[in-house]
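Asks: Can you keep this structure in mind? I'll have questions shortly.
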Amino acid sequence: MFHFLDIIGTMAFAMSGALTAMSKKLDPFGVFIIAFVTAVGGGTLRDVLIGRTPVGWMLDLKYVYVIFIGFVLAIIFRKKLDKLRKSLFLFDTIGLGVFTLIGLEKGLEIGLHPVICVALGTMTACFGGVIRDILCNEIPVIFRREIYATLCIVGGVLFFVLRTMNLENDVLYLLSSSIIISLRLMAVKFKWYLPAFENQ
Amino acid sequence: MFHFLDIIGTMAFAMSGALTAMSKKLDPFGVFIIAFVTAVGGGTLRDVLIGRTPVGWMLDLKYVYVIFIGFVLAIIFRKKLDKLRKSLFLFDTIGLGVFTLIGLEKGLEIGLHPVICVALGTMTACFGGVIRDILCNEIPVIFRREIYATLCIVGGVLFFVLRTMNLENDVLYLLSSSIIISLRLMAVKFKWYLPAFENQ
Amino acid sequence: MFHFLDIIGTMAFAMSGALTAMSKKLDPFGVFIIAFVTAVGGGTLRDVLIGRTPVGWMLDLKYVYVIFIGFVLAIIFRKKLDKLRKSLFLFDTIGLGVFTLIGLEKGLEIGLHPVICVALGTMTACFGGVIRDILCNEIPVIFRREIYATLCIVGGVLFFVLRTMNLENDVLYLLSSSIIISLRLMAVKFKWYLPAFENQ
């Protein structure tokens with residue numbers, strides 16, 4: 001189940017990356033690379049920083065294929081995307097919740113401190129988008145007005161609170177992801193955001 | 001032979017990086033760093049992602065010296081460069097072919113899947129330029145109109161086709177590099193390019 | 001002593017990163033990330049390139065806490081900063097000297113060549129600022145007019161000269177850092193800079 005959601009998240013991230021790249025008028029190679037880094041960039045950065053190499057997608061080609069399919073779908077349906085925007089947003093949000101937990105788990109596996117595990121979860125979910133924005137020559141959107149990353153941090157902290165309750169592992173992971181997903185849906189619905197700093 | 005071509009490629013990449021940096025009015029330190037990352041950035045990224053650390057240039061100072069010489073030459077001849085542009089382009093193209101094969105080989109050495117090996121080859125040949133463009137605050141040129149990376153992918157795939165023919169290793173490597181080099185020369189001569197996506 | 005200076009440098013780097021980010025009107029998450037990468041980005045890049053993973057700040061949470069304090073202080077005092085600019089500059093310069101030596105030491109520990117050790121020292125001291133500038137969508141300031149990095153290189157070379165004199169280790173490290181710190185203070189006082197290349 002959790003594994004299946006991982007695939008959905010990867011595809012949604014790849015498609016959103018491809019759409020950003022097409023709006024920047026990149027060529028197909030550029031679009032594919034942006035789709036790729038949006039989908040696996042966060043996890044790749046995490047793997048590199050904790051020394052888990054070769055990084056994940058090099059050992060499990062499933063991700064490469066899923067991203068390729070997402071890339072092709074994004075190209076085919078690029079003109080009909082407005083109708084799909086809601087489904088895409090939902091998949092993207094599922095990805096956010098699932099990737100946070102996956103990143104957090106990798107930190108736990110090698111015995112890192114909970115603070116670092118939460119950071120790894122947030123990095124896994126959010127830094128693909130950061131790398132995408134840097135490659136597209138923009139200041140990363142999550143540094144400016146998206147509450148995205150903050151929700152991953154909140155969800156990660158709640159994971160460690162829930163963990164003290166001796167839940168089953170599967171329940172713990174699904175529950176924590178669901179919290180992040182719900183928070184994100186509410187954040188968009190009720191227009192929660194972090195205020196930017198005014199110029200001095 | 002192959003090793004000697006590696007040096008030529010490194011120097012050509014370093015010089016092209018230095019020229020880009022000078023056109024951006026960077027200071028000598030900035031020009032050197034851009035020359036450096038253009039020359040070894042792709043291989044460094046590859047080494048980091050597959051866990052081959054300390055990365056290559058830290059263990060073999062030859063590259064550092066070659067880049068330094070390329071940097072000095074680029075500064076000295078920066079005003080006469082128009083006359084040299086053709087030689088530089090040839091050397092740069094040799095680098096493209098040789099670096100692709102070197103990257104691919106590193107993947108084979110640790111038993112990665114052919115798809116990942118082709119990706120590593122392309123990364124080795126092309127991502128120094130990507131890092132150069134990011135440091136110079138531009139959207140990477142190979143994402144926009146250069147067919148550069150696509151040729152590395154084609155060459156990498158042909159390598160695996162040729163490999164099934166039981167050629168000698170040296171022949172296999174030289175032949176595959178030559179294919180990439182020839183494709184690149186033809187691509188520029190006949191103005192092959194990938195079409196960018198139009199705005200929707 | 002040396003260790004205490006490390007903390008001062010980390011906090012100064014974090015505060016300078018936070019101030020840059022606030023001037024770009026980022027939100028609090030963005031400001032924290034920029035503070036973080038400015039403070040530990042150079043050391044993180046160094047650790048990744050030499051294969052020292054999980055990277056330093058994941059194993060020693062002290063840095064995370066110091067950066068968080070620096071981030072909070074920068075937000076609280078952001079309007080009174082002009083009065084603090086001189087102290088901040090001094091702390092930042094201390095960080096420059098200390099970080100260079102720390103980076104250099106990591107290279108020595110694993111037996112790398114002095115040239116590479118000097119590069120690692122310079123990277124540790126300067127590349128947090130490079131990553132900060134890239135994330136803020138600017139060409140890195142040390143590539144354009146800051147003599148910053150050149151002083152780290154000079155200090156690193158002097159370290160190896162002094163090292164031949166059989167000084168005690170503590171003396172050697174403090175002396176080399178002090179040289180970098182003094183050079184930087186003089187560089188700013190006497191307006192030393194590297195000339196940029198003119199357009200051709």
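Just so you know, all these numbers are worked out from the coordinates, no wet-lab data involved. Predicted, not measured: the structure shown is a model, and the values here were computed from it. Cβ atoms come from the backbone with ideal geometry, glycine included; neighbour counts cover every protein chain shown.
Asks: Which whole-angstrom value gives the distance between the alpha carbon centres of region A:3-58 and region C:72-121?
Replies: Value for the Cα centre distance between the two parts: 33 Å.
Asks: Under the definition of partner shielding as Cβ atoms of other protein chains within 10 Å of a residue Cβ, what is the mean value for peptide A:7-19?
Replies: 0
Asks: Inside 10 Å of the C-beta atoms of A:112-122, what's the mean count of C-beta atoms belonging to other chains?
Replies: That works out to 3 on average.
Asks: Also, quick follow-up: For chain C, with a Gaussian network of springs between Cα atoms less than 10 Å apart, report the residue from C:C152, C:C126, C:C136 with the top mean-square fluctuation.
Replies: C:C136
Asks: Another one. Taking one equal scatterer on every alpha-carbon of region A:50-90, how large is log10 of I(q)/I(0) by Debye at q = 0.34 1/Å?
Replies: -1.07
Asks: Taking just the C-alpha trace of region A:120-161, give me its Rg and Dmax in Å.
Replies: Spelled out, the Cα radius of gyration and Dmax of region A:120-161 are 11.4, 38 Å.
Asks: Another question, if that's okay. Taking just the alpha-carbon atoms of the protein assembly as shown, what radius of gyration and Dmax come out, in angstrom?
Replies: 24.1, 73
Asks: Residues of C:54-66, mean number of Cβ from any other protein chain within 10 Å of their own Cβ, rounded to a whole number?
Replies: That works out to 3 on average.
Asks: Report the residue, chosen from A:A187, A:A21, A:A125, that carries the largest GNM mean-square fluctuation when chain A is represented by alpha-carbon nodes joined by springs under 10 Å.
Replies: Sorting by GNM fluctuation, first place goes to A:A187.
Asks: Just the projected area, averaged over all directions, of the convex hull on the alpha carbon atoms of region B:2-188: how many nm²?
Replies: 10.3 nm²
Asks: Give the nm distances, rounded to one decimal, from B:L175 to the matching residue in every other copy, measuring between label points 7 Å along Cα toward the beta carbon; shortest first.
Replies: Label-point distances to the other copies, shortest first: 6.2, 6.2 nm.
Asks: Would you grab the residues whose amide H sits under 5 Å from the one on B:R144? Only those 5+ places off in sequence or on another chain, please, with H modelled 1.01 Å from N.
Replies: It is A:D27, by chain and number.
Asks: Right, something else. Wrap a convex hull around the Cα atoms of region A:1-54, take a quarter of its surface area, and give that in square nanometres.
Replies: Its Cα hull, projected and averaged over all orientations, spans 4.3 nm².
Asks: May I ask you to derive the relative contact order of region C:2-189, considering only C-alpha pairs under 8 Å and at least 6 residues apart, and to give it as an integer percent?
Replies: 25 percent
Asks: Test of understanding: express the Cα radius of gyration of region B:97-200 as a ratio to 2.2 N^0.38 Å, with N the residue count.
Replies: 1.14
Asks: With springs connecting C-alpha atoms under 10 Å apart, model chain B as a Gaussian network and identify which of B:L73, B:L185, B:L167 has the largest mean-square fluctuation.
Replies: B:L167
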